[in-house]
Amino acid sequence: MKILHIIPRWIGGGPERHIIELARQDQLTNANVNRRALVLDRPLSAPLLVKARRFGLVLVSSPWAEAMEAEIDAADIVEITYWNHPLLLELLACSLPPARVIIRSAVAGHTIPQVLFPELTFYPDVWQLSAPQGYGAPHIERSHSWVEFLPALAEIDRLENFRFRKHDGIRAAYLGSLTPSKIHPLFPEIVAMLDGNIKVDIVGDGDEVSTGNLRRRFDELGVSEKVIFHGHVENIAEVLATADIFIYPLNPESYATSEKALQEAMWLGLAPVMMTGTAAAGWIASGKTGLVASDPQGFADSVNLLAREEKLRIEIGSAARKFARDRFDPGVNAKTNQEIYERLISMPKRTRAPLQSQDWTVAEKFCNSLGLDRVSFIHRLEQAGNASPESNFMLLKSEGGLMHYRNHYPSDLDLPNWISVLTKAVE
């Protein structure tokens, strides 16, 4: 069975690691699957390129149009990893060869700019939504005839032989990106509200500006001594071995779905704390498999409660571990994925209409990617002063946002004007 993955980039995030884990599971089960991946944008992560090759996954980087058509034509199934990216939408605006298509959404799909816009609904034969059911894009759940809810596969193998280590005090661990599009803007303020015996391990990296801003804010609040920055760590078991609580304060506008960091922490039996507003929080039954707060103060109170109440912390951690083993087992989920392939391959390939017109302007393409027309988007810009700072930031600077499209289409005249309007609102 020939599976062709199409993914916007290959730089080390969860969607890329999901595909690699699928390939690893193929080897473990001797599945008769040949996987190739078209990577539309550069650069490529060298470590992930090597890891892909180790499991027989072939990457085709920045392919020409003719090469993409040939790859699609040769595949039994085309699996598109979707998030708003100009190169991916350019591809979907083309007349492509007949194919059996899965769209695996790497985003929840309900927050700008990472929207699963209505025209996408009937493009694939199968939708795979990585957010929990009831979170994200209700029009797809309601309208499409074949929707699967399947969390992304985590690399649980890197947690083998894990053992907790004794340590002084209480340690809370955050694992993830430090960019503003991921982490809650009031994360330093949350840390400042934690009890004095709680240390916070921050595992992950971000751009120099984002990391510098975080460090500076911790200094201003006088809590730098409570925080340990570990940077990017591949061997996360080493850091989590001294954790008591897993904290995951995401940006409320985050498009997070089945976060691997959350899966891995719950798998180990760490009690997680999150905030409402993101689809990823839907994996937690608050009070049972974790605590979900409604605001930063409630988040800090939840962490403090778990720090003080060891019995509660152990009970929730144990329940989180059981849930993770039931829902996040990569072997079980890979088997489900294979069953989807086997059902789909019995169906004929079909052609599908391009998602966007080749005659559209860049501005029209961008607005359509948000599920809006030009007039509606301009109205959204005019109301930017009333929108949350997080929402404006995501629209301006996150992947799929105005600056991303401007960088891809530098000669367009509308995008710089819109960026100027939104920048003033953010300031």
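Take the conditions at pLDDT below 95 and of a type in the set (A, V, I, L, M, F, W, C) and apply them to LEU402. Does it pass? For LEU402, the condition - at pLDDT below 95 and of a type in the set (A, V, I, L, M, F, W, C) - is not met.
With respect to being without any contact (Cβ under 8 Å) to a residue 24 or more places away in the chain, touching a strand residue (DSSP E or B) at 6+ places or on another chain (Cβ under 7 Å) and not polar (S, T, N, Q), LEU262 fits the description. For SER357, the conditions (1) under 29 Å from SER145 (Cβ atoms); (2) out of contact with any strand residue (DSSP E or B) (no Cβ under 8 Å at 6 or more places or on another chain); (3) surrounded by 15 or more Cβ atoms within 10 Å (Cβ to Cβ) are fulfilled apart from (3). Only one entry of ALA46, ALA70, ALA65, ALA74 meets the criterion of being under 28 Å from SER346 (Cα atoms) and at pLDDT below 95, and that entry is ALA65.
Here ILE316 does not fit the description of being free of Cβ contacts under 8 Å to residues at least 60 places away in the same chain and under 30 Å from ILE112 (Cα atoms). A single member of THR276, THR242 is surrounded by fewer than 17 Cβ atoms within 10 Å (Cβ to Cβ), under 17 Å from the mean Cα position of the chain (by Cα) and either of a type outside the set (Gly, Ala, Ser) or closer than 18 Å to PHE164 by Cα (or both), and it is THR276.
Being over 18 Å from GLU259 (Cβ atoms) and among the aliphatic types (A, V, I, L, M) is a property that LEU120 has. So, VAL107, is that one out of contact with any Asp or Glu (no Cβ under 9 Å at 6 or more places or on another chain), assigned by TED's automatic domain parsing to the domain that holds SER145 and surrounded by fewer than 19 Cβ atoms within 10 Å (Cβ to Cβ) or not? It is false that VAL107 is out of contact with any Asp or Glu (no Cβ under 9 Å at 6 or more places or on another chain), assigned by TED's automatic domain parsing to the domain that holds SER145 and surrounded by fewer than 19 Cβ atoms within 10 Å (Cβ to Cβ).
The sole residue among LYS311, LYS365, LYS322 that is within 24 Å of the chain's Cα centre (by Cα) and loosely packed, with under 14 Cβ neighbours inside 10 Å is LYS322.
The lone criterion from (1) under 17 Å from GLU16 (Cβ atoms); (2) loosely packed, with under 14 Cβ neighbours inside 10 Å left unmet by ALA74 is number (1).
Within region 21-50, the residues that satisfy the criterion of being touching a helix residue (DSSP H, G or I) at 6+ places or on another chain (Cβ under 7 Å) and under 24 Å from GLY400 (Cα atoms) are ALA37, LEU38, LEU40, ASP41, LEU48.
The values are calculated or read from the model by the stated rules, or taken from the named source; none is laboratory data. All values reported here derive from a predicted model rather than from experimental measurement. Note that we place each Cβ from the backbone using ideal geometry, even for glycine, and neighbour counts take in every protein chain shown.
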